[in-house]
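In what follows, a structure is listed as structure tokens, so that the remarks can point back to it.
The values are calculated or read from the model by the stated rules, or taken from the named source; none is laboratory data. All of these numbers come straight from a predicted model, not from anything done at the bench. We place every Cβ from the backbone using ideal geometry, glycine too, and count neighbours over all the protein chains shown. Note: accessible area is taken over every heavy atom of the protein model, side chains too, but ligands, DNA and RNA are not part of it. Shrake-Rupley method; radii C 1.70, N 1.55, O 1.52, S 1.80 Å.
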Amino acid sequence: MIHSEISHYRLISQKLYKTSESSPQEIVQHLGAMQAQDYAMSKWAIGSRCNATEKEIEEAVNSGKIIRTHILRPTWHLVAAEDIYWMLDLSGPQVKRIILSDTKKHGYDEKEFGKINSNIEKILAGNNHLTRDEIIQELNIKQVSGEYHLSPVLIMMYAELEGLICSGKMKGKKNTYALLEERVKKPQTKLTKEESLAKLALRYFESHGPATLLDFSWWSGFSPTICKQAVNAIKLQLNSIEIEGQFYWFGTDFSVGKDFRESVHFLSAFDEILISYKTREASILPQHQSLAFTSNGIFKPIILENSKVIGIWKKIVKKDYVKIETQFFNETENHKKEVLFEGIKSFEKYLETKIVIE
């Protein structure tokens, strides 16, 4: 393996090289945690890796097989129900520290959050599924000069990290919250921190490899020192290769010939193929990176040709169809565009809606 081939192998580990027969929740569980602040796009991140439609994926979320919550780094992720508790036990404390460092200056410490969480529990008890605005209104948290002392976003995030709440059933087009223990049964046993870290590291490298220790540190939110300990604990369960003085770790359960078939993928915004790595030169040229993602972390939907990012796209929902607009980084001949556009056919099947490409 050489550096230019890393992106090919990542297609395999991320279940993009071939469409998987896995269920939506199995895709999420394979990847560990999938970034999901753009909910619509996070569903396509699953759909682009299996044969499920958007409706089937949303049903998996509505039924609690897939949970959308804040975990790992302080942002939204999709997590399989089977993984939610041990991942929260592992990453919750470090993300809560980040929140408390900002809120303590306004008088909100663990004790104050505890009071708020007790009220949230009463509001949602009995399988109530309410939007954030509905919960904040019930909490009757006072505003000063038109602004909350404490951000509603942080209130809900802290409750998620405490393992109190998680995503509920969709209410129309609005996301809701519900009590986690009413959605997912709590396991009888708990992993130690060391066991959880090792499990998270193994999950990451098997589903995202070849990747470096710093990639895992970025994705998990844990320091390089802690991540090194985790890698040392599982390195006998992984393969590794040194390329240009850098060690890359990956799983032992896949093999591929030297020749990779041609492939085109229209992938979601914030897709794991880019966002889950500290550096992304293996998949996208440095001069194109500012077109695909911004300096403040906004990632756009991308077009991959043979595992390399060659452009971006966006969808525009119309009454009877969905329009796709594309922007290629380099001038592309029309006859080649027609070949590339075949890669969007799976999106049409996923949406169960006619697609028009411009």
**Request:** Answer with yes or no whether TYR17 is in the same structural domain as LEU150 (by the TED database) and part of a loop (DSSP other than H, G, I, E, B).
**Result:** yes
LEU130 fails exactly one of (1) open to solvent by 60 Å² or more (accessible area, probe 1.4 Å); (2) in contact with a strand residue (DSSP E or B) (Cβ under 9 Å, 6 or more places away or on another chain); (3) not charged (D, E, K, R), namely (1)
Of all helices (runs of 4 or more DSSP H) fully inside region 164-244, the set with 2 or more residues that are in contact (Cβ under 8 Å) with a residue 40 or more places away in the chain, open to solvent by less than 10 Å² (accessible area, probe 1.4 Å) and within 30 Å of SER307 (Cα to Cα) is 193-208, 213-220
Output for Cβ contacts, cut-off 9 Å, separation at least six or different chains, first residue among the aliphatic types (A, V, I, L, M) in region 339-358, second assigned to a helix (DSSP H, G or I) and surrounded by 14 or more Cβ atoms within 10 Å (Cβ to Cβ), reads LEU351/TRP44; LEU351/GLY47; LEU351/GLU54; ILE355/ILE344; ILE355/PHE347; ILE355/GLU348; ILE357/PHE341; ILE357/ILE344
Within region 59-72, residues surrounded by 19 or more Cβ atoms within 10 Å (Cβ to Cβ) and either over 25 Å from GLY92 (Cα atoms) or of a type in the set (A, V, I, L, M, F, W, C) (or both) come out as ALA60, VAL61, ILE66, ILE67, ILE71, LEU72
Filtering region 1-32 down to residues that are of a type in the set (Gly, Ala, Ser) and within 15 Å of ILE273 (Cβ to Cβ) yields SER7, SER13, SER20, GLY32
Counted residues in region 299-310 being modelled with pLDDT under 95 and closer than 19 Å to SER42 by Cα come to 0
If we ask which residues in region 19-36 are open to solvent by 40 Å² or more (accessible area, probe 1.4 Å), within 21 Å of TYR204 (Cβ to Cβ) and modelled with pLDDT under 95, their number turns out to be 0
Those residues of region 121-141 that are part of a loop (DSSP other than H, G, I, E, B), more than 14 Å from ALA178 (Cβ to Cβ) and aliphatic (A, V, I, L, M) come to a total of 1
**Q.** Residue in region 147-161 that is in a helix (DSSP H, G or I), surrounded by 18 or more Cβ atoms within 10 Å (Cβ to Cβ), over 19 Å from the mean Cα position of the chain (by Cα) and among the β-branched types (Val, Ile, Thr) present
**A.** yes
Legend entry - So TYR108, is it under 24 Å from LYS185 (Cα atoms) and aromatic (Phe, Trp, Tyr): no
Restricted to region 37-47 and to residues being buried (at least 22 other Cβ atoms within 10 Å of the Cβ) and touching a Phe, Trp or Tyr at 6+ places or on another chain (Cβ under 9 Å), the residue nearest to SER207 (Cα to Cα) is ALA45
